[in-house]
1. Taking the chain as the reference, fit the longest principal axis to its C-alpha atoms, fit the long axis of helix 369-383 to the helix C-alpha atoms, and give the angle between the two in degrees, 0 to 90, nearest 10.
2. Counting only C-alpha contacts under 8 Å and six or more residues apart, can you give the relative contact order of region 206-275 as a whole percent?
3. For the chain, with every protein chain kept in place, what is the accessible area per residue (1.4 Å probe, Å²)?
4. Based on alpha-carbon atoms only, what is the radius of gyration of the chain relative to the globular estimate 2.2 N^0.38 Å?
5. Could you rank the peptides 142-150, 360-368, 91-99 by their average count of other C-beta atoms within 10 Å per residue, with the highest value first?
6. In Å, what is the Rg of the alpha-carbon atoms in region 140-181, and how long is Dmax?
7. For region 289-358 and region 80-149, what is the separation of their Cα centres, given in Å?
8. Among the GluC sites (Glu not before Pro) in region 55-108, which ones are in a DSSP loop with at most 15 other Cβ atoms within 10 Å of the Cβ? Mind listing them?
Amino acid sequence: MARRNIVVGLDIGTTKITALVGEVGTNGQVYIIGVGETPSRGLRKGAIVNIDETVRSIDLAIEKAERMSGVEINDVFVGVAGPNISSINNQGVIAITGPNREILVDDVQRVLRNVRMVGLPAERKIIHVIPRQFIVDGYDGVRDPVGMAGVRLEVEAHIITGSTTYLQNVYKIIQSTGLKLLNLMVSPIAAAEAVLYSSEKQLGSILVDIGGGTTDVTLYDGGSPWLTFALPIGGDHITCDLAVGLRTTLVEAERIKQENGCVLVQLAPEHELISVAAVGGNGINQVSRKKIASIIQPRVQEIFALIREEVEKSGYRGILPGGCVLTGGSVLIDGMVELTQEELQLPVRLGYPEGIGGLAEVVRSPQYSTVVGLVLQAARNYREDLVPEGDPLLGGIWGRIRSWWREMA
């Protein structure tokens, strides 16, 4: 019997944990064959606060995915996110000393090691080093320098770091489940792989992933990430605001947000009344959708104000003609696209994961963008027969740099 090429993505979110099983066909297509999700216990605002509860949640999600797919899951490609994630851009340079001054893969390895030499505090650890471009003797925009002649090789790279403690806890959690951790991938980068078009990455665009506990953002320019960060605020904060403002329970507030929420007051009809169960079981109150919108809108505006602030602090001066792509479990509230257009002054669309077959409709929702991106990246590494060590985005650059650049172009 032929061996099945199975890849598994595991998205450890604040609100839910999702395991997605994909099978890589002989044609390279990724077919979704199983999904398992469970409420997330043990995380708060993207941070791990209870390891045992998190392990139990992962075990349950994996068990559900195994039952649906009919395969045993042994290793996973894990997404990491949350306010512990940050990024910097750095430049590395080396001299070419080989015969005929020809640039070899070894030279690329050296310059990528050089670019990692950044002054990071002990509590920070590098997760990704993503080359943005190579520069050979002053000629920039080089995608693949191997085989070229030159005396000086430079690289501009986007470096994403995370809290050492957080990453150690992720490793410990996966180890406790008995699974093998193939690699870590920052969640907004994974989501971008599933929902951003190559033209959007090239022109310049910003992906905003609004989850339950955090909002994760990555800004693309010239085909690769330029800025990556996370905010400790997300859909759960909207739910809490509704619970307080409507004097109801969190469960009822979440239901109202999903079924009757609106983020723009002018789009919510005042005459449309919603039944809301009062806290403590003290009857039912009638609330207008306009009032609900008046509670939600300020919180969402706060999220985008913080995003603008982070982009301004980064020094980015581009105009992002590719616009903004919204994804994540909290972007389906009525009026989200319109409000985002107002706040960011950019064209906006909702990002749905693409590039998969099989049970694709089961996960064709913005809330699955990250886990689909994890599976796509895991499948990409698998197809190229890569050793699952180091940076998953670099993949085979240590031995097969040309393949990596073709995939990332």
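The values are calculated or read from the model by the stated rules, or taken from the named source; none is laboratory data. Nothing here was measured: the structure is a model prediction, and the numbers come from that model. With ideal geometry, Cβ positions are generated from the backbone for all residues, glycine too; neighbour counts draw on all protein chains shown. For accessibility, only protein heavy atoms count, side chains too; no ligands or nucleic acids. Shrake-Rupley method; radii C 1.70, N 1.55, O 1.52, S 1.80 Å.
1. 30 degrees
2. Values: 77 pairs, mean separation 13.8, N = 70.
Relative contact order of region 206-275: 20 percent.
3. Working: 17490 Å² over 409 residues.
With all protein chains present, the chain gives 43 Å² per residue.
4. Numbers: Rg = 22.3 Å, N = 409, 2.2 N^0.38 = 21.6 Å.
This ratio for the chain stands at 1.03.
5. Going by the mean number of other Cβ atoms within 10 Å, highest first, we get 360-368, 142-150, 91-99.
6. Considering region 140-181 through its Cα atoms, Rg and Dmax are 18.7, 49 Å.
7. 32 Å
8. Loop-located and lightly packed - Glu72.
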